[in-house]
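**Student:** Structure below; questions to follow.
The values are calculated or read from the model by the stated rules, or taken from the named source; none is laboratory data. Remember, predicted model here, so these are calculated numbers, not experimental data. Cβ: placed from backbone, ideal geometry, glycine included. Neighbour counts: every protein chain shown.
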């Protein structure tokens with residue numbers, strides 16, 4: 001059986017894990033009380049409270065090489081392993097997984113840079129499970145997931161770039177720092193996995209329109225997901241609108257994790273989808 005490993009920013013639901021014995025989650029870590037804990041032991045509320053009170057980035061940490069190796073060792077020795085990681089543009093998790101894979105001694109192990117996060121990683125994971133069910137080989141699935149990752153598109157809007165700035169992840173959006181406060185940035189992950197500017201608008205309605213335009217330009221799509229952080233109302237409104245436009249695709253809605261909240265802050269809504277182009 002091919003084993004699939006995904007990091008915790010994918011927010012894999014508990015019932016999904018119970019249904020798939022070959023899916024495993026490796027946690028990223030976060031510190032909100034002076035001690036690093038797996039992010040599933042922290043809350044988004046704690047992250048926001050810390051960052052707002054200190055005006056500093058909440059400390060986070062990728063899984064160590066040892067963490068990856070320990071997980072690899074817990075899996076059946078002869079089973080192929082495929083690891084799906086958060087985009088390398090905002091975290092070192094992918095590079096750490098590559099290093100651990102080289103040290104693992106396993107004959108068949110691959111590491112996929114998902115080029116996205118959150119529900120987007122779930123979409124790549126589901127592609128992997130579909131390919132396993134079809135009986136594809138390890139090599140075919142690894143290649144197929146690389147292709148899936150190359151087709152992932154991620155765009156989001158945040159009320160402020162403060163969280164990205166504090167964490168040093170602002171990328172090509174740096175030019176917006178210090179802009180007029182009323183600017184509402186619309187961000188996307190570009191082909192180099194960098195945080196980049198898609199649009200500069202002044203209202204949430206125009207921000208949603210910019211994200212939808214990005215979706216339309218990259219259609220047709222295979223999978224579409226909506227992610228939000230402390231903005232369920234905005235997320236549901238976006239989900240409803242897109243579901244009406246794409247009735248043949250199930251548009252999912254999910255909440256970002258504490259680590260993503262530390263990177264991006266509250267109020268986020270985003271569209272993450274797999275283009276069929």
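**Student:** Looking at (1) touching a residue at least 60 places away in the same chain (Cβ under 8 Å); (2) in contact with a strand residue (DSSP E or B) (Cβ under 6 Å, 6 or more places away or on another chain), can you tell me which one residue 249 breaks?
**Tutor:** So residue 249 meets the others, but not (1).
**Student:** Output the number of residues of the range 234-244 satisfying the condition of being within 12 Å of residue 208 (Cβ to Cβ) and either part of a strand (DSSP E or B) or out of contact with any strand residue (DSSP E or B) (no Cβ under 7 Å at 6 or more places or on another chain) (or both).
**Tutor:** 3
**Student:** Looking at the range 84-96, can you tell me whether even one residue there is farther than 27 Å from residue 155 by Cβ and touching a helix residue (DSSP H, G or I) at 6+ places or on another chain (Cβ under 7 Å)? I'd like the intermediate steps shown before the answer.
**Tutor:** Within the range 84-96, the first condition is being farther than 27 Å from residue 155 by Cβ, and the residues that meet it are none.
Within the range 84-96 (the criterion being farther than 27 Å from residue 155 by Cβ and touching a helix residue (DSSP H, G or I) at 6+ places or on another chain (Cβ under 7 Å)), the answer is no, since none of the residues qualifies.
**Student:** Among the helices (runs of 4 or more DSSP H) confined wholly to the range 117-218, which include 2 or more residues that are touching a helix residue (DSSP H, G or I) at 6+ places or on another chain (Cβ under 6 Å) and modelled with pLDDT of 85 or more? Please lay out each step first, then the result.
**Tutor:** On the way: elements: 119-133, 138-150, 162-166, 204-217.
Hits in the range 117-218: 119-133, 138-150.
**Student:** Being crowded, with 17+ Cβ neighbours inside 10 Å, within 16 Å of the chain's Cα centre (by Cα), in contact (Cβ under 8 Å) with a residue 24 or more places away in the chain and over 23 Å from residue 39 (Cα atoms) is the requirement here; does residue 224 meet it?
**Tutor:** Values: crowded, with 17+ Cβ neighbours inside 10 Å: yes; within 16 Å of the chain's Cα centre (by Cα): yes; in contact (Cβ under 8 Å) with a residue 24 or more places away in the chain: yes; over 23 Å from residue 39 (Cα atoms): yes.
Considered against the rule, which asks whether it is crowded, with 17+ Cβ neighbours inside 10 Å, within 16 Å of the chain's Cα centre (by Cα), in contact (Cβ under 8 Å) with a residue 24 or more places away in the chain and over 23 Å from residue 39 (Cα atoms), residue 224 comes out as yes.
**Student:** Now for a separate question. Only one of these conditions is not met by residue 9: (1) surrounded by 19 or more Cβ atoms within 10 Å (Cβ to Cβ); (2) within 19 Å of the chain's Cα centre (by Cα); (3) at pLDDT below 95. Which number is it?
**Tutor:** (3)
**Student:** At pLDDT 95 or above and either part of a loop (DSSP other than H, G, I, E, B) or farther than 22 Å from residue 124 by Cβ (or both): does that describe residue 69?
**Tutor:** Values: at pLDDT 95 or above: yes; either part of a loop (DSSP other than H, G, I, E, B) or farther than 22 Å from residue 124 by Cβ (or both): yes.
Answer is yes for this residue.
Every residue, every condition in (1) under 17 Å from the mean Cα position of the chain (by Cα); (2) surrounded by 14 or more Cβ atoms within 10 Å (Cβ to Cβ), yes or no:
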site	(1), (2)
3	no, yes
25	yes, yes
69	no, yes
76	no, no
95	yes, yes
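**Student:** Looking at the range 22-59 only, could you name the residues that are without any contact (Cβ under 8 Å) to a residue 12 or more places away in the chain and not in a helix (DSSP H, G or I)?
**Tutor:** 34, 35, 37 - these are the residues of the range 22-59 that are without any contact (Cβ under 8 Å) to a residue 12 or more places away in the chain and not in a helix (DSSP H, G or I).
**Student:** Which numbered condition in (1) over 12 Å from the mean Cα position of the chain (by Cα); (2) assigned by TED's automatic domain parsing to the domain that holds residue 86; (3) buried (at least 18 other Cβ atoms within 10 Å of the Cβ); (4) touching a residue at least 24 places away in the same chain (Cβ under 8 Å) is the only one that residue 108 fails?
**Tutor:** (3)
**Student:** Here's another thing I want to ask about it. Can you tell me how many residues in the range 183-210 are under 18 Å from the mean Cα position of the chain (by Cα) and farther than 14 Å from residue 154 by Cα?
**Tutor:** So the answer is 0.
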